[in-house]
Amino acid sequence: MPIITYYHILGVKDDATVDEIAAAYRKKIKQWHPDVCRHPEAEEKMKDLNKAAELLLDPVRRKDYDTFLAHELSLFRKATSWAREDQPENAHLHSRAHHASSSEYVRKRRPAADKSPWITQRTIRFAAGFCAAGFVLLVLVFAGLIAITTPDVPRGVSPSSPVPALIIPASPSGSAEPSLDQGDALFMTGDYEGALRLYDAVIAKNPDLALKEVWYNRGIAQNVLGQYRDASQSFDRALALSPGDSLALAQKGAALMGLGRYEEALDYTDRALAGYSDEAWIWNNRAIALTNLGQQKESRAASDNARVFTSGMSGY
């Protein structure tokens, strides 16, 4: 195919199972999470991964998407077939025409260098037909993208984009410093399991640890790993030390959504938006909670807000 599909983005085959798609999504998150990946396009990549997973994990939307891709592939094959039919008699000119038919589908046509007699009426008709096919293809791609970005959020899914905000490295002191430093280092490289082991070792020695950043980072690692119950408890500890922390409130809400406790999640998400009203991922999680509570109108409004704030940034 001459385009990048959502299957390509997640690195799976077009007949991949739901479990394979979910596993690929988790793997990509660990690689491209903006908090652990310093690549300038990490946020945009994360945005694409979230969209791809949201669509491909929804059986109905995935079926529509597969139909759209099949139609587009058929159109591409027709264009290739037209190119083969236009065979110049001269062998040298045949080589030039074959090169054009195989390359112009994926890049703009270059102006003709001259107006030599070999440009026949048949060639002109082929070019016009090819351009028309290209225009139809662009219209189909645009229509597909509009359908993909509709505000309908699938019922019963976990928070699709609980993207952690900027992580503040812990500032430990005393005997716990080496372990916390190592935990922070592993966290920033995306090794959440390793970071969690070190954080837990420190907390085991000091259960009353009063470092908000440690509990916050620990909760994010648990959210990424799908340990939502433990993450909820970690954010409770962080909020006990800083009750008005909007980002901790939002992450607590994401953990509760992972547990299916949507009413509680909505409460925490709304409290987070009171302090961070321009965070697209928080609005997106609000839309998910509202959808699962059957409040479709409010969910669409939240999704609209998520798109508004996303369009004002490089991605999320």
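Going by the conditions given, is Glu263 within 19 Å of Pro34 (Cα to Cα) and in the same structural domain as Leu211 (by TED's automatic domain parsing)? Steps first, answer last, please.
On the way: within 19 Å of Pro34 (Cα to Cα): no; in the same structural domain as Leu211 (by TED's automatic domain parsing): yes.
No: the conditions fail for Glu263.
Taking region 209-225 as the range and being closer than 17 Å to Pro243 by Cα and either modelled with pLDDT under 85 or surrounded by fewer than 24 Cβ atoms within 10 Å (Cβ to Cβ) (or both) as the test, the residues that pass are Leu209, Ala210, Leu211, Lys212, Glu213.
Close Cβ contacts (under 6 Å, 6 or more residues apart or on different chains) running from residues in region 1-12 that are modelled with pLDDT under 75 to residues that are not hydrophobic (A, V, I, L, M, F, W, C) comprise Pro2/Tyr105.
Listed residues Tyr276, Tyr262; which is at pLDDT 90 or above and surrounded by fewer than 24 Cβ atoms within 10 Å (Cβ to Cβ)? Working first, answer last.
Values: Tyr276 fails: at pLDDT 90 or above.
After ruling out the rest, the residue left standing is Tyr262.
The values are calculated or read from the model by the stated rules, or taken from the named source; none is laboratory data. Note that the structure is predicted; figures quoted are calculated from it, not measured. When we count neighbours, we look across all protein chains shown, and the Cβ atoms used for this are built from the backbone with ideal geometry, even at glycine.
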